[in-house]
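The values are calculated or read from the model by the stated rules, or taken from the named source; none is laboratory data. Predicted, not measured: the structure shown is a model, and the values here were computed from it. Heads up, the Cβs are rebuilt from the backbone with ideal geometry, glycines too, and the neighbour counts pull from every protein chain shown. The accessibility values were calculated without ligands, DNA or RNA, using every heavy atom of the protein model including side chains. Shrake-Rupley method; radii C 1.70, N 1.55, O 1.52, S 1.80 Å.
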Amino acid sequence: MTEVSISGKVILGLEGLGKIVSNLRREGYSVIAPVFEAGVMKLAEIESADDLPRGVRDQQEKGTYRAEQIEGERDLFKNNVSCFSYKSFLHDPHLCVFKAKKDENGFTIEKPEREEKRFAFFGIRSCDLTAMSKLDDVLLQGDYVDSAYDDRRKPVMNIAVNCTTSADTCFCASMNSGPRARANFDLALTEIIDDERHVFLCEVGSDEGAKLLCGVPFEDAPDEDDRAADVLIVAAAKMQMRSIDTSGIAELLQRVQTSHRFEEIAERCLACANCTMVCPTCFCTNIFDVTDLTGDNAERVRHWDSCFTLSYSQLHGGSVRQSVSARYRQFITHKLGTWHDQFGGIGCVGCGRCIAWCPTGIDITEEMAVFRQLAAP
């Protein structure tokens, strides 16, 4: 693809958006974007920008998610993240690690063939970009790199969209992960709609992103469009009524380890693991060995797992976290506290998925406020 030289930000129309999707597909990328299906925003492969849903509005509260398409609305991205995250495309929920086949010499180990895919995440939000960076820290650093994740992650293209609205459950501003995309993107778009125009302010984040604009009709962005985009993004941040005070949070969680509050949470928590399944940074897995009926063929399989399942902490003699309170304590302490020790930051990006998709409406921001009060001198 021909390289394009761009200084500053540019303005694209709907035609330009479609051309970017075409360029990605021509380069062999599977373009994954939000689509509206069965009353929920999902992530699926699209063939053109025409597949992007228009006028979808979602309502997210504690234990609540509703989405609908509003007739006559033109916007493509005035919705928020749903339970689906891009993690599932990179960190396989179900992965065959190796196969073993019985033969005359004992058995032979075979490496399974994995489908080679190059993903372009079109419309990814800033919280999910940050989550991807956190997964990189977990799965690509140190002595033991997750090769399956690495194979999928290396060729990824990120076409980000800055949020111009926030759900009731969003708190990314307090986690410094949104609503503006600041890093880890190839292109970042801000949708601007007025009575006369429907355009996208486009910021180039990489050389590969600049190449995507080859053949795309655009013009230099006037200062007023840049300011208009800033106003929309700032407004989205101000909409957020939830937040977490992250100052001294690791030490705080250590001080409240024996708090009665965990028992109170456990009275509501179903240990269903919804919060960890929808979380874009949770990475826990478990390993199972399975054989066919003949015993001649076996596979070692890796599945997503959760610290909320009783079997996850199974050691010789039983589970070390048998109570629901102990499992919730593990979840919140690791996500917001000991993640610092392992990876140098916080494992939460403020996307709010765990709040909306908790059947009993447990709110991590409310709980952290309570723990801060309990730890106060």
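Some points to look at:
- The listed residue being of a type in the set (Ser, Thr, Tyr) and open to solvent by 30 Å² or more (accessible area, probe 1.4 Å), out of Ser126, Ser88, Ser82: Ser88
- Segment 152-184, residues that are open to solvent by 20 Å² or more (accessible area, probe 1.4 Å) and assigned to a helix (DSSP H, G or I): Arg152, Arg153, Ala173, Ser174, Met175
- Tabulated pairs, segment 293-308, first closer than 17 Å to Leu95 by Cα and in contact (Cβ under 8 Å) with a residue 12 or more places away in the chain, second open to solvent by 50 Å² or more (accessible area, probe 1.4 Å) and part of a loop (DSSP other than H, G, I, E, B), C-beta under 6 angstrom, 6+ apart or interchain: Trp304/Pro93
- Residue in segment 185-196 that is assigned to a helix (DSSP H, G or I) and surrounded by fewer than 21 Cβ atoms within 10 Å (Cβ to Cβ) present: no
- Whichever residue in segment 129-146 is in a helix (DSSP H, G or I) and surrounded by fewer than 20 Cβ atoms within 10 Å (Cβ to Cβ) and, among such residues, is nearest to the chain's Cα centre (by Cα): Ser133
- Residue within segment 318-338 that is in contact with a Leu (Cβ under 7 Å, 6 or more places away or on another chain), at pLDDT 95 or above and part of a loop (DSSP other than H, G, I, E, B) present: no
- Among residues of segment 262-303 being open to solvent by less than 50 Å² (accessible area, probe 1.4 Å), not in a loop (DSSP other than H, G, I, E, B) and not aliphatic (A, V, I, L, M), the one that is farthest from Tyr86 (Cα to Cα) is Phe262.
- Single unsatisfied condition, Val301 versus (1) β-branched (Val, Ile, Thr); (2) touching a strand residue (DSSP E or B) at 6+ places or on another chain (Cβ under 7 Å); (3) more than 30 Å from Ile124 (Cα to Cα): (3)
- Qualifying positions in segment 219-258 - closer than 20 Å to Glu196 by Cβ, open to solvent by 90 Å² or more (accessible area, probe 1.4 Å) and among the acidic types (Asp, Glu): Glu219, Asp220, Asp223, Glu224
- Count - residues of segment 8-49 that are over 16 Å from Leu187 (Cα atoms), outside any loop (DSSP other than H, G, I, E, B) and touching a helix residue (DSSP H, G or I) at 6+ places or on another chain (Cβ under 7 Å): 1
- Test result for Lys211, more than 21 Å from the chain's Cα centre (by Cα), surrounded by fewer than 19 Cβ atoms within 10 Å (Cβ to Cβ) and in contact (Cβ under 8 Å) with a residue 60 or more places away in the chain: yes
- Odd one out for Tyr149 among (1) open to solvent by 10 Å² or more (accessible area, probe 1.4 Å); (2) not in a loop (DSSP other than H, G, I, E, B): (1)
- Yes/no for His316 being open to solvent by 60 Å² or more (accessible area, probe 1.4 Å) and in contact (Cβ under 8 Å) with a residue 24 or more places away in the chain: no
- Flag if Glu71 is of a type in the set (Asp, Glu), modelled with pLDDT of 95 or more and more than 30 Å from Val290 (Cβ to Cβ): no
- Filter result for the condition that a residue is open to solvent by 80 Å² or more (accessible area, probe 1.4 Å), closer than 30 Å to Cys272 by Cβ and assigned to a strand (DSSP E or B), over Arg57, Arg66: Arg66
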